[in-house]
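Just below is one structure, and these are the notes that go with it.
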Amino acid sequence: MIKLEEKWALTRETVGNGRLSIVMPVYNLADTIVANLKETSELFAAHGVRTELIPVDDGSTDGTAEVLLAFAEEIKRSNRSADQTILLRPVICEKNGGKGSALRAGFEASTGEYVMLLDGDLDIHPKQTPWFFDQMVDKKADIVVGSKRHRHSVVQYPWHRRIVSWVYFTLVRIFVGLPITDTQTGMKLFKREVLGEALGRMLVKAYAFDLELLSIAHQRGAKIAEAPVVIRFGEKFGCLKANTVKTMALDSLAVFYRLRVLKYYAKAEIPQKLDHDPLVSIVIACPGDSWMLQECLKGIAEQTYRNFEVIVLPDDGDVSRLPSDRQVRVLATGKVRPAEKRNLGIREAKGEIIAFIDDDAYPDVHWLEYAVKYFGDASIGGVGGPGVTPPNDGYLAQVGGRVYDNLLVSGNYRYRYKAGGVRRDVDDYPSCNLFVRKDLLDSFGGYRTDFWPGEDTLLCKDIVDRAKRIVYDPWVVVNHHRRKLFGPHLRQLGRYAFHRGYFCKRYPSNSLHLSYFIPTLFVAYGLSFAVVPLLIVRLLPGEIAVWTMGAYVAPMALYLVLLLVTTFTWRIPTWLLTALGVVASHVCYGIQFVRGLCAKKAPCEFIGKDHAQGK
């Protein structure tokens, strides 16, 4: 007991007059979270450790957020924390974004020099905190993680979990090289500076979050120690879901690839801190009111970053349902092209930053927060992020999203349609999710109005031509409704392909890339099957003809294998439709690209309803 009190004294001394910030991710714990918070606060108050509790509700659906806010208000009224030893700062995330997103939100709300990550269900009890501080001081560590394999740990753990945990730990040691025996235990202590630097480089939001966090910190020189834990899971954990294991494995492999192959974490930049919260003007060009526009406005209203205005630019139709208040302005434009609408929005905008989003897209709750932080760097002129397929899209639209997300269709540009990947500089990005400095837009007059679609390609060209960077961040997410396969999907794709072909010869700086020619080469190769095999058989002698035919057919055979592998799903109809959609997309793009390449002039006639519910 004396030894334990000494460790609590060491904890108290180490925290000093600062704070220990305890960030607790919470999901659907309405029945237990108040009791857990009371137990935690009473523990640290009893030992005189200055603490701030930061429960982060990650989009719970059982009323957890309301319970947390009510408890915080109760504490405030009763002056329970009048001595300032224990503070409660709940953070509410409107939608579930994964553990990584929740912990990042909690860290941003914290102030302590030391930050502890602690699961909100208290499977690992915070009374073990003194051992973490003991190891931090004794080993002069920057991070202390709880380890189920520590020789002093007491763990009641199902046998199948032990096997999976051992296999995962072995792979982590081999491929990542972390000098610890456990990454997944839900109690970790960080020095604030080390945690902030690692979080600024992170990409994973869910299952491999802990692995990525520790891998980044270790690569950047942080010293990591381990502390024993007491865990009694009982029977609360059932069988591991196959999808969970698959996602964890893929995310872990991605961490290894970024760490050891790309060396991404060593090079990733952390945005400079802004000296103020700039006003963002969100510009939405649209034909008129629709359920999708209402969905978009709802997503904007839920943003964690609050300093914004919205400019909605419909035609002359009925806009009576659109809100018109201090934050939302509605400016009817008449039936003009999207570029002309957006230029009006730019002229009317009061913000330092213009955020462009389509009316058939809606943003993640952290959309503004994650994008705005980049504009402290004067070299950055624009920021973009992925437009992922929404979960509420219809079946054929979901399949259309799978086609866009396919490696054979989008290749190196999959990052536009899929959350994840790495931050990078780009030279071309669509206006469905694009942030640009207003003074930069004013300097070259905004969008060109003589092209549609393709006006966003020329806008990005103007940004890059002025020696400004466009940064892609996988956390700056919007959900972008897809066109149904096949007709609407192929019509949209064909328009893009035509203008890309035209731009390749007229504006080559950000359009003349080999990848854009590949579908055309594929179409030419496919058409050659009508003639070339016959010529091989007629003109070449027996054995030479066989070898030549084999070499000629091999690329098509490889294509078909890759097609089946990259489109695979256990849902057979979806598999077949996706595969057909990929082939149709290649043919459509290849033909339309050549038409654009050969065209003397690109048409830009206005199409009134070009979004997912249109034709």
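Per-structure values
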item	result
Unmet requirement for ASP210, which otherwise passes all of (1) modelled with pLDDT of 85 or more; (2) touching a helix residue (DSSP H, G or I) at 6+ places or on another chain (Cβ under 6 Å)	(2)
Pairs where the first residue, in segment 177-189, is in the same structural domain as ALA208 (by TED's automatic domain parsing) and the second is modelled with pLDDT under 85 and in a loop (DSSP other than H, G, I, E, B), C-beta under 6 Å, 6+ apart	THR181/ARG149; ASP182/LYS148; ASP182/ARG149; THR185/LYS148
Tally, over segment 425-461, of residues that are hydrophobic (A, V, I, L, M, F, W, C) and in contact with a Pro (Cβ under 8 Å, 6 or more places away or on another chain)	1
Odd one out for TYR429 among (1) under 11 Å from GLY384 (Cβ atoms); (2) among the hydroxyl-bearing types (Ser, Thr, Tyr); (3) surrounded by fewer than 23 Cβ atoms within 10 Å (Cβ to Cβ)	(3)
Residue pairs meeting the criteria (Cβ under 7 Å; at least 6 apart or on separate chains; first within 18 Å of LYS99 (Cα to Cα), in segment 35-64; second loosely packed, with under 14 Cβ neighbours inside 10 Å)	GLY59/LYS95
Members of segment 265-298 found to be among the aliphatic types (A, V, I, L, M) and out of contact with any Cys (no Cβ under 7 Å at 6 or more places or on another chain), listed by number	ALA266, ALA268, ILE270, LEU274, LEU279, VAL280, ILE282, VAL283, ALA285, MET292, LEU297
Restricting segment 402-424 to residues that are among the aliphatic types (A, V, I, L, M), more than 15 Å from HIS480 (Cβ to Cβ) and outside any loop (DSSP other than H, G, I, E, B), the residue that is nearest to the chain's Cα centre (by Cα)	LEU407
Count of residues meeting criterion [touching a helix residue (DSSP H, G or I) at 6+ places or on another chain (Cβ under 8 Å), closer than 27 Å to ILE354 by Cβ and small (Gly, Ala, Ser)] in segment 399-436	4
From the options ASP427, ASP450, ASP473, residue that is touching a residue at least 12 places away in the same chain (Cβ under 8 Å) and either closer than 23 Å to GLN294 by Cα or over 24 Å from the mean Cα position of the chain (by Cα) (or both)	ASP450
Some residue of segment 314-327 being out of contact with any Leu (no Cβ under 6 Å at 6 or more places or on another chain), at pLDDT 85 or above and surrounded by 19 or more Cβ atoms within 10 Å (Cβ to Cβ)	yes
Enumerated strands (runs of 3 or more DSSP E) restricted to segment 272-386, each holding at least 3 residues that are hydrophobic (A, V, I, L, M, F, W, C)	280-285, 308-313, 353-357
Residue match in segment 417-424 (condition: of a type outside the set (Asp, Glu) and farther than 27 Å from GLU212 by Cα)	no
Residues of segment 582-600 satisfying the condition of being in contact with a Phe, Trp or Tyr (Cβ under 7 Å, 6 or more places away or on another chain) and in a loop (DSSP other than H, G, I, E, B)	ALA599
Given (1) surrounded by 16 or more Cβ atoms within 10 Å (Cβ to Cβ); (2) over 30 Å from SER101 (Cα atoms); (3) of a type outside the set (Lys, Arg), index of the condition VAL471 fails	(2)
Check on TYR502, of a type in the set (Ser, Thr, Tyr) and surrounded by fewer than 21 Cβ atoms within 10 Å (Cβ to Cβ)	no
Failed criterion for MET116 (all others in (1) in a loop (DSSP other than H, G, I, E, B); (2) closer than 23 Å to ILE216 by Cβ; (3) touching a Ser or Thr at 6+ places or on another chain (Cβ under 9 Å); (4) at pLDDT 85 or above hold)	(1)
Pairs where the first residue, in segment 280-302, is assigned by TED's automatic domain parsing to the domain that holds CYS432 and of a type in the set (Asp, Glu) and the second is crowded, with 21+ Cβ neighbours inside 10 Å and not in a loop (DSSP other than H, G, I, E, B), C-beta under 6 Å, 6+ apart	GLU295/TYR362
Residue list for segment 34-54, restricted to those being assigned to a helix (DSSP H, G or I), under 15 Å from VAL67 (Cβ atoms) and among the aliphatic types (A, V, I, L, M)	VAL34, ALA35, LEU37
Unmet criterion (only one of (1) under 30 Å from ASP364 (Cβ atoms); (2) of a type in the set (S, T, N, Q); (3) assigned to a loop (DSSP other than H, G, I, E, B); (4) modelled with pLDDT under 90) for SER101	(3)
Tally of residues being within 29 Å of PHE107 (Cβ to Cβ), more than 20 Å from the chain's Cα centre (by Cα) and surrounded by fewer than 23 Cβ atoms within 10 Å (Cβ to Cβ) across segment 330-382	6
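The values are calculated or read from the model by the stated rules, or taken from the named source; none is laboratory data. Computed from a prediction, not measured in an experiment: that's the story for all the values here. Positions of Cβ are generated from backbone atoms using ideal geometry, with glycine treated the same way; all protein chains shown enter the neighbour counts.
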